[in-house]
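Only one structure is covered here, and it is reproduced in the block below.
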Amino acid sequence: MRHAKSGWDDPSLSDHARPLNTLGRAAATAMRGAMLDLGLTPDLVLVSSARRTLQTLHLLEPWDQTPLIEVIDTLYLADLDTLLGVLHTVPETLRSVMLIGHNPGMHELALHMIGGGSSAQINPDTSRLTQGYPTGALCEFTVPGSWAGLSAGSARLQRFLAPRDLADGN
């Protein structure tokens, strides 16, 4: 999941310290409802230490079953290789993981996992994903095999959901 929309109202704040804006808070709340309706509760949440990602996480809570949560500084503005490296270290005993991070890394990771939108996986969600990864959006993947073996094209996109897809999103 990419963090929800953040504000640029206070130029004295560092990028790391930027909070969600009103639209972002509403979008994250709408995404929480959609995730609950879909039964999406991760076993582990890996989240960037940036204020906007932590606020997005907070608005997704409470979960039906409380996941383990790990705040990771290196996820802040992480690139594809960093994101993959973090996923490769996830214990095999965990069946579902949620990353909450930033673009362009999250978009690059999603495209990498589906093999760049290869013809074998073209569907409406894949087509939308190749066009961009908006704030507050969520990709759900099926990852066969091990976390350590995650590589280009090794995952299947189950759904791509953006706040604008929801009646109460933005």
Taking the conditions exactly as written (surrounded by fewer than 20 Cβ atoms within 10 Å (Cβ to Cβ) and farther than 21 Å from Leu166 by Cβ), does Gln65 satisfy them or not? yes
Working only within the stretch 80-101, note down all residues that are within 15 Å of the chain's Cα centre (by Cα) and among the small types (Gly, Ala, Ser). Ser96, Gly101
Quick one: in the stretch 129-145, which of the residues that are modelled with pLDDT of 90 or more, under 24 Å from Thr41 (Cβ atoms) and of a type outside the set (A, V, I, L, M) is surrounded by the most Cβ atoms within 10 Å (Cβ to Cβ)? Gly136
Pair list, Cβ under 8 Å, 6 or more apart: the stretch 76-102 residue within 21 Å of Leu60 (Cβ to Cβ) and free of Cβ contacts under 8 Å to residues at least 60 places away in the same chain, other residue acidic (Asp, Glu) and in a loop (DSSP other than H, G, I, E, B): Leu94/Asp43; Arg95/Asp43; Ser96/Asp43; Val97/Asp43
Could you run through the stretch 68-115 and say how many residues are in contact with a helix residue (DSSP H, G or I) (Cβ under 6 Å, 6 or more places away or on another chain), of a type in the set (Asp, Glu) and either under 21 Å from Ser146 (Cβ atoms) or surrounded by 17 or more Cβ atoms within 10 Å (Cβ to Cβ) (or both)? 1
Do you know which residues across the stretch 4-38 are charged (D, E, K, R) and either in contact with an Asp or Glu (Cβ under 9 Å, 6 or more places away or on another chain) or part of a helix (DSSP H, G or I) (or both)? Asp15, Arg18, Arg25, Arg32, Asp37
Within the set of pairs 6 or more residues apart or between chains, which connect a residue that is surrounded by 19 or more Cβ atoms within 10 Å (Cβ to Cβ) inside the stretch 35-58 to a residue that is charged (D, E, K, R) and not in a helix (DSSP H, G or I) with Cβ atoms less than 7 Å apart? Leu40/Glu140; Leu46/Glu70; Arg52/Arg18
What number goes with the only condition from (1) under 15 Å from the mean Cα position of the chain (by Cα); (2) touching a residue at least 24 places away in the same chain (Cβ under 8 Å) that Trp147 does not pass? (1)
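Going residue by residue through the stretch 115-129, is there one that turns out to be more than 17 Å from Met35 (Cα to Cα) and in contact (Cβ under 8 Å) with a residue 40 or more places away in the chain?
First, the residues of the stretch 115-129 that are more than 17 Å from Met35 (Cα to Cα): 115-124, 126-129.
The next check asks that each one be in contact (Cβ under 8 Å) with a residue 40 or more places away in the chain; those that pass are none.
No: the stretch 115-129 contains no residue that is more than 17 Å from Met35 (Cα to Cα) and in contact (Cβ under 8 Å) with a residue 40 or more places away in the chain.
The values are calculated or read from the model by the stated rules, or taken from the named source; none is laboratory data. Here the structure is a predicted model, which is why all the values come from computation and not from measurement. With ideal geometry, Cβ positions are generated from the backbone for all residues, glycine too; neighbour counts draw on all protein chains shown.
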